[in-house]
Amino acid sequence: MSRIYAYVGPPEIRRAVADTPAGVEIRAPADLLGWARAQPEWDADTLTATFVVTLAGVLRVAPRRSEHVACAGGQAVLAAGELTLRAEPELAVEGVTNQSTGYCPEPACWSAILPRLEALGVPHPAELTRAFVFRRCPACGERNVVKEGWFVCDLCGADLPAHWNFADSGEAH
Ligand SMILES: [Zn+2]
């Protein structure tokens, strides 16, 4: 069972991107390569993109500068993060992370990503190449990335819980 991740970022960001088109659906390697080649930052070698896996199990990508909530068309997701593509000598997904402060997904969202990569049929990593650990501060509400096992809020110094705690948290206040 995959967890469903609701958007947990600031409401004003969601509002600001409400009219932005959702990310491009990737159903075949040609979709991915075609999309990459159309990006101004494409250097014919590697490219890092924002991605989500939608509730329908569809991989969508958008330029890295995009908000995940825009990539997802404002909807909840099964996974979110960044993908790094490499074009040569063959198209491959070289890196996958769960880095999304909009959705703060658990590293376990990999289980929703892997089937999409398998279906795509391009070489890909066997696990997240970098796993981010997100916690919401119970004292001040700040979304934190836990670094090196240090479970302390960056903003207010309160202790962060040992377990992922964004479920039912809704939007930030
Ligand atoms: Zn705090």
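The values are calculated or read from the model by the stated rules, or taken from the named source; none is laboratory data. From a predicted model like this one, the values you see are computed outputs, not experimental measurements. Glycine also receives a Cβ, built like all others from the backbone with ideal geometry; neighbour counts cover every protein chain displayed. Surface areas here come from the heavy atoms of the whole protein model, side chains and all, with no ligands, DNA or RNA. Shrake-Rupley method; radii C 1.70, N 1.55, O 1.52, S 1.80 Å.
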Relative to the chain, whose Cα atoms define the longest principal axis, helix 110-120 and its Cα axis are tilted in degrees, nearest 10, by 10
What whole number of Å gives the distance from the Cα centroid of the stretch 1-24 to the Cα centroid of the stretch 49-75? 8
DSSP beta bridges in the chain: the antiparallel percent, rounded to 5, is 95
Is the chain best put as rounded, prolate or oblate by its Cα gyration tensor, with a ≥ b ≥ c the root eigenvalues, rounded for a/c under 1.5, and otherwise prolate when a/b is larger than b/c, oblate when not? prolate
Excluding ligands, DNA and RNA, the carbon-plus-sulfur percentage of the accessible area of the chain with a 1.4 Å probe reads 52
Dipole in debye (nearest 20) - the chain, about Cα centre, beta carbon charges: Lys, Arg +1; Asp, Glu -1: 300
Estimated distance in nm for a label pair at THR129 and GLU12, the labels positioned 7 Å out from Cα along Cα-to-Cβ: 3.4
Going by the alpha-carbon gyration tensor, a ≥ b ≥ c the square roots of its eigenvalues, is the stretch 133-173 rounded (a/c under 1.5) or, if a/c is not under 1.5, prolate (a/b greater than b/c) versus oblate? oblate
Mean Cβ-within-10 Å packing, highest first, puts peptides 83-96, 15-28 in the order 83-96, 15-28
Net charge within 14 Å of ASP45 by Cβ-Cβ distance, Lys/Arg positive one each and Asp/Glu negative one each, not counting ASP45 itself? -3
